[in-house]
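Here's the structure we're looking at; comments come further down.
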Amino acid sequence: MTVYIDPPTWPGHGRMWSHLVSDESFAELHAFAAAIGCPPRAFERDHYDIPEARYADAVRAGAREVGSKEIVRRLTDAGLRRPKGRPAPRPAPGSAPRPAPGPAPR
């Protein structure tokens, strides 16, 4: 299992944010996020928005620290990148986390 997190450099809603992604699957990402107590509403298209205050928790739990460009490259290479305007695959009923507002990877 490999999950990645970029530095908390994205401003939004009076906080700084990181992005948590998997280059394996959304299932892996959702499982990791749940294990660190990240609410489903923090999921947005292809990543979780992680507030700066929770960054260290994600790293302690095993998220690998990478730069923001590396986050986008890994998502794209894995076929998991879902930029605004491109519909995400339809999840099974009852399993889709609700999107939350916040910064998106560029």
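We did not get these values from a lab; they are worked out from the coordinates using the rules stated. Values in this document were obtained by computation on a predicted structure and should not be read as measured data. Please note: Cβ atoms are built from the backbone with ideal geometry, for glycine as well, and neighbour counts cover all protein chains shown.
Some observations on this one:
- Fully extended contour minus Cα-Cα distance, from Val66 to Ala53, at 0.36 nm per residue: 2.9 nm
- Charge tally in the Cβ shell below 15 Å around Asp23, where Lys, Arg are +1 and Asp, Glu are -1, Asp23 excluded: -1
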